[in-house]
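Each remark here refers to the structure printed beneath this line.
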Amino acid sequence: MGSMPKPQERVSDRISALPNEVLCHILSFLPTKYVVRTTVLSKKWNNIWTSVPNLYFCDDDYPNVNAFISFVDHVLDSPDLSRIQKFHLRCDHDYFEPPPIDRWIHSAIRRKVVELDLCVSHLDPDDNLELPQTNFMCETLEVLKLQFHFIAHPLTSRCFPNLKFLYVLIHHPDIESVKNVLSYLPVLEGLRIGGSLDDYDVESLDINISALALKTLAICLEFDDFDEEFKICIEAPKLESLDVQLLTSLLNFSLLIKENLIVKANVDLSYTEMPNSDIADVEDILLYAEEPDRAIALLRNVSNVKYLSLSSHSLEGDLPAFDNLNQLKLVFYNCGYWRFLTNLLERSPNLEYLVFEHKDCTICNVEDFRHEFIPPEVVPISLSSQLKTININRFKGRRGEMELVKYLLKNGAVLNKMTIDASGNTNLPHARTKALSKEVSLFQRGSKTCQVEIRFGIS
């Protein structure tokens, strides 16, 4: 019987054989705590961590605050540490006495940091992190993310000379600090404003933003018993993309964008339930009555777009004309959504691509689903001469929906394809799906080349 082959005395370490540049790139995606630990692997790894451009520090990864402070100091005080590309700090400011955060930010700025991500939380809403003055004039800083509470009192109005992207999370804000950070952003190209305001925030916010190079703007806000006004007025003549998401209410929010070049917009407006007239005061009822007007005012900012994604419960009021609109996606939560759909078709004469869906909502009752489709007196010009593709998602097969499909097929003179997606409705019995398919196939078609595809789920 032959002898077994001897095992290799040394297994090739393929990872260590990689060039240092590749190793640093791989390590740049890991928390710094684990990057530094690679020094135990072999002599080659002793100083590789000092060349990793991204630093991630989170106090949750350490047994106590002293261990966390000691580790961050050890890394930032290393004489071999290279230039910092990204510095991410996540910690609880309340546990630091005295706070070393200023020292860490200074160290990152000295090493020509490009991206600074600060997520510093507090138990006390009145205890805010004050940004050091060097932060405002850092010439290498291109990305800045500020989360939770901060104070900003720059000595000059001309801050952030090379900042390209800014993310500000507003929660129990220091009003003047928010204004200081957002007031003048000379080369900013991307701005994201998020946050949650509640009854602790007793002051209104009236923010004016000057960002002459801005191309993208995203706003995501939630209001919880916040009774004050939140107004944003922005001067951004090069703005191309807008994303607005209001998670709870439109009652307190208004947005005015001066002359812009917006071509793509996403507007997601939540539903505000009607106040109970028996217990609500007059002011609440009047505010509710103003909500449709606020929605229309917001849409006027994007009336020149080519692509619009719109989610809303209703759109009562005088809609602006969307003369340049080519693609439209609609998500409605109201069971009588088709009257808003035809209204938008009338205001979009050059629309070619339409996607719409109705999401179930808790405020709709059985009677709401029985609303009949009432076609407009005049066929919208977009439907009769421009609309080429229609996608209907979350199709339920209700009578009003069938009447709408019938109307669109009959009057879509240049329609190429209609896709009806009922795959999410697995409760439809097989006999019902066959009946729906047959009924749709018999509908009159204004376009001889129109193809209809119906997708059903597996029941």
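Distance between the pseudo-spin-label points of Asn47 and Ser437 (7 Å out from Cα toward the beta carbon): 7.1 nm. Amide H contacts for Ile170 (H built 1.01 Å from N in the peptide plane; partners 5 or more residues away or on another chain; cut-off under 5 Å): Gly194, Gly195, Ser196.
Taking a sphere under 13 Å around the Cβ of Val52 and counting the other residues whose Cβ falls inside, with K and R at +1 and D and E at -1, yields a net charge of +3.
Could you tally the net charge around Pro161, taking each other residue with its Cβ under 12 Å from the Cβ of Pro161, Lys/Arg +1 and Asp/Glu -1? Mind showing how you got there, number by number?
Details: positive: Arg158, Lys164; negative: Glu139, Glu142.
Net charge in that neighbourhood comes out at 0.
Could you give the dipole magnitude of the range 383-459 about its Cα centre, charging the beta-carbon of Lys and Arg +1 and that of Asp and Glu -1, in debye to the nearest 20?
Numbers: 14 positive and 5 negative charges, 20 e Å.
With only Lys, Arg, Asp and Glu charged at Cβ, the dipole is about 100 debye.
In order along the range 317-327, the phi-based Karplus estimate (6.51 cos²θ - 1.76 cosθ + 1.60, θ = phi - 60°) of 3J(HN,Hα) comes to x, 8, 5, x, 7, 9, 5, 9, 5, 10, 10 Hz; Gly and Pro are listed as x.
Among the listed pairs Lys164/Lys238; Lys264/Lys448; Lys396/Lys417; Lys417/Lys448; Lys86/Lys164, those with a Cα-Cα distance over 21 Å are Lys264/Lys448. A dipole drawn for the range 371-459 from +1 and -1 charges on Cβ atoms has a positive end, and of Ile374, Cys450, Ser384 the residue lying farthest that way is Cys450. From most to least packed by mean Cβ count within 10 Å, the peptides 155-164, 399-408 give 399-408, 155-164. Is the range 27-159 best put as rounded, prolate or oblate by its Cα gyration tensor, with a ≥ b ≥ c the root eigenvalues, rounded for a/c under 1.5, and otherwise prolate when a/b is larger than b/c, oblate when not? The shape class here is oblate. Straight-line cross-link reach from Lys231 at under 21 Å between alpha-carbon atoms covers these lysines, not counting any fewer than eight positions away in the same chain: Lys179, Lys215, Lys258. Treating r as the C-beta distance of Tyr353 and Asp224 and R0 as 56 Å, the FRET efficiency rounds to 0.90.
Every read-out reported here was derived from the displayed coordinates using simple, explicitly stated rules and does not represent laboratory data. Small disclaimer: the values here were computed from a predicted structure and weren't measured. Here the Cβ is made from the backbone with ideal geometry for all residues, glycine too, and neighbour counts use every protein chain on show.
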